[in-house]
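Beneath this line is the structure, given in structure tokens, with notes to follow.
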Amino acid sequence: MLNFTKKQCIFAAINRALLIMKIKFYSILYIALLLTASCSGEKESGSDDKNPDERVSSSSNKAEVSVMTLEPRMFSYDIVSNGKVTAGAYADMNFASSDAVIDNILVKNGQRVAKGQTLATLDRFSLDNELTKATAAVERAQLELADALIGQGYDPDNLKAVPDEIMRLARLRSGLTQAEADLAKVQRSVAEATMKAPFDGVVANLFQKTGNRQSSSEPFCRIISTSGMEVDFPVLESELSLIKVGDLVECSPYTSDKSYSGRVSEINPVVDKDGMVKVRATISGNDGLYDGMNVRVNVKRNVERALVIPKSALVLRSGGRKVVFTHSDGKAIWNYVNTSLENMNEYVVTDGLEEGMEVIVGGNINLSHEAPVKVIKD
């Protein structure tokens, strides 16, 4: 019994020692956790209210970035639309007489013509006959007039000496006034039997054939002026305030990469049911443009002294907020910004940045607030 009791005492002593060691271990662990929580709390209490994405990077590696100095400068923005080319001036050509046969056609569709150039002629047999008759009628009337003046004692070779009223009555009695009017009409018809271009242009819609009479339902042809083409295109109602008469316009046909320049000439002050406004521009250097052609239209306008950043400088963070990083004392500084106009490559900043700041334009994708950075040259 005695030996068994000694063993129990030994085991009990060992258990007490182990228990004391466990208590000490857990006490030390508990104190360590308290100290850790206290340090963490002090760090959190000293942090700012920025988004978690903005917190200072703990990495000691410096990110390499490229920067630009923000200065006010000219900004050019584009408004893109689809338009249709129309002729600045055109004329639908017709012969005065629809009974005469077309004798000769001297041009074809797409041909360039100069002002006064002959386009086509009519068969003039009947017209020449009428011209001969009208000329003879005038001559007979002149003889009648001379006889009437001689009968009243006046010299027909000195018409200035004949009083105006006597001359008027003599012309009426002789039929000279009517004969001269008929002759002028026939001469006009003869002249109109030769169709001439009213201005420099291009021939279009010519479908008539030699030997046929001109169709009464359609013009003989159309002459489209080459002095200037126009482009009609719509813009959104919300973009109307951004367009002014005189703004630079560039248009390109869908069939080629060639570009044509022009200026906004008029803005129709009516908004249609689709919320669109019609704008017209006059195009210069229009060789290669055709009436009715569909084109891409870019309206370009310049804004003086704008704070402009490249699109690579702007990044989006949580909530879709626009952020631009600037460089200061070797650190990347987080800046919320607002933008207004934009073009293919740039934004105009209206709030959040100031003139003279060094804007980070490259290497900014993974930056955080106050992250250490190293500026490199492009």
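The values are calculated or read from the model by the stated rules, or taken from the named source; none is laboratory data. Keep in mind that what you see is a predicted model, and the values were worked out from it rather than measured. We place every Cβ from the backbone using ideal geometry, glycine too, and count neighbours over all the protein chains shown. To get the accessible areas, we keep the full protein, side chains included, count just its heavy atoms, and leave off ligands, DNA and RNA. Shrake-Rupley method; radii C 1.70, N 1.55, O 1.52, S 1.80 Å.
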#### Entry: In order through segment 171-185: 3J(HN,Hα) via Karplus (6.51 cos²θ - 1.76 cosθ + 1.60), integer Hz, x for Gly, Pro
5, 5, 5, 7, x, 5, 4, 5, 5, 5, 5, 5, 4, 4, 5
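Ratio to report: Rg/Rh of segment 177-270, with Cα atoms as the point set and Rh obtained by the Kirkwood method; give two decimals. Mind showing how you got there, number by number?
Numbers: Rg = 22.2 Å, Rh = 18.5 Å.
My calculation of the ratio gives 1.20.
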### Message
If exposed means no more than 15 neighbouring beta carbons inside 10 Å and the site is in a DSSP loop, what's the longest run of the chain without any exposed chymotrypsin sites (Phe, Trp or Tyr not before Pro)?
### Response
1-206
### Computed over segment 186-239, Kirkwood Rh from alpha-carbon pairs, angstrom
14.7 Å
### Summary
Rounded to whole angstrom, the alpha-carbon centroid of segment 180-227 lies from that of segment 337-352 at a distance of 57 Å
### Message
Just to check, using Stokes-Einstein with a Kirkwood Rh over alpha carbon pairs, what's the diffusion coefficient of segment 83-164 at 37 °C and 0.692 mPa s in µm²/s?
### Response
182 µm²/s
### Query
How many times 2.2 N^0.38 Å is the alpha carbon radius of gyration of segment 266-378?
1.55
### Of SER217, SER259, VAL235, farthest towards positive along the dipole that unit charges on Lys, Arg, Asp, Glu beta carbons give segment 204-267
SER217
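Ranked from the most accessible area to the least, with a 1.4 Å probe and all protein chains present, what is the order of MET293, MET74?
Working: MET293 40, MET74 85 Å².
Ranking MET293, MET74 by accessible area, largest first, yields MET74, MET293.
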### Summary
With all protein chains in place and a 1.4 Å probe, GLU237 shows an accessible area in Å² (nearest 10) of 110 Å²
### Query
What number comes out for the charge environment of GLU180, summing +1 per Lys or Arg and -1 per Asp or Glu over other residues with Cβ under 14 Å away?
+3
### Task
Rounding to the nearest 20 debye, state how big the charge dipole of the chain is about its Cα centre with +1 on each Lys and Arg Cβ and -1 on each Asp and Glu Cβ.
2720 debye
### Message
Could you compute how much accessible surface THR132 exposes when probed at 1.4 Å, giving the result in Å² to the nearest 10?
### Response
90 Å²
#### Entry: Accessible area of ASP99 in the full protein assembly, 1.4 Å probe (Å², nearest 10)
110 Å²
#### Entry: q = 0.09, 0.13, 0.14 Å⁻¹: log10 I(q)/I(0) that the Debye formula gives for the chain, counting C-alpha atoms only
-0.84, -1.11, -1.17
### Query
Roughly how tilted is helix 125-151, in degrees to the nearest 10 and between 0 and 90, from the longest Cα axis of the chain?
50 degrees
### Summary
Expressed as a percent, the accessible surface of the chain that is carbon or sulfur, using a 1.4 Å probe and the full set of protein chains, is 53 percent
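Over the chain, give the accessible area per residue in Å² for a 1.4 Å probe, as an integer. Numbers along the way, then the final one.
Working: 23750 Å² over 378 residues.
Roughly 63 Å² per residue, with all protein chains present.
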### Amide proton proximity set for LEU341, modelled H, under 5 Å, gap of 5+
VAL348
### Task
Convert each backbone phi in segment 209-222 into a coupling constant with the Karplus relation 6.51 cos²θ - 1.76 cosθ + 1.60 (shift: θ = phi - 60°), then list the ³J(HN,Hα) values in order as whole Hz, x for Gly and Pro.
10, 5, x, 9, 7, 5, 5, 7, 9, 8, x, 5, 6, 10
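Can you show me the helix-derived [θ] at 222 nm for the chain, built from DSSP H runs with n ≥ 4 at -39,500 (n - 2.57) apiece and divided by the number of residues, rounded to the nearest 500. List each step's numbers first, then the result.
Working: 4 runs with 99 residues, N = 378.
Counting only the DSSP helices, I get -9500 deg cm²/dmol.
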